[in-house]
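Please treat every number below as a calculation from the coordinates, not as lab data. Owing to the predicted nature of the structure, the values given are computational and were not obtained by experimental measurement. Note: ideal-geometry Cβ built from the backbone for every residue, glycine included; neighbour counts use all protein chains shown.
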Amino acid sequence: MKIAAIVPAKDEAPTIGRVIAALQSSPFVRRVLVVDDGSSDATCAVAKRCGATVLRAAKNKGKGQAMLAGFPDGASGRSGNRRATGYPSLVLG
């Protein structure tokens, strides 16, 4: 069974590429989802360039909210709950 790795990140442009590469090299990881929590640097762009799926918040909401944004909503394959987290929903299927 493979998993989706949820990576909350804020201003991690210098290191996020190495984190994504390490996760992608794991035989247990199917998808890497980076939740960019209001970064003011290039975290979002670097994560996308490295092949991660990215959710982005315009302003910082905190690590807990970032993690919640990445959790699947039941079996639908949807990620996030806009009312609970303020992040948009993302279909991961």
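Here are the numbers for this structure:
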| read-out | value |
| --- | --- |
| Trypsin sites (Lys or Arg not before Pro) within the range 1-56: DSSP coil, no more than 16 neighbouring Cβ in 10 Å | LYS2 |
| Relative contact order [Cα under 8 Å, 6+ residues apart], the range 5-61, whole percent | 41 percent |
| Spacing of the two label points (7 Å from each Cα toward its C-beta) at MET67 and VAL29, in nm | 1.7 nm |
| Phi-based couplings in Hz for the range 13-26 (Karplus 6.51, -1.76, 1.60; Gly and Pro marked x) | 3, x, 10, 4, x, 5, 5, 4, 4, 5, 5, 5, 7, 6 |
| Shape of the range 1-42, Cα gyration tensor, a/c cut at 1.5 | oblate |
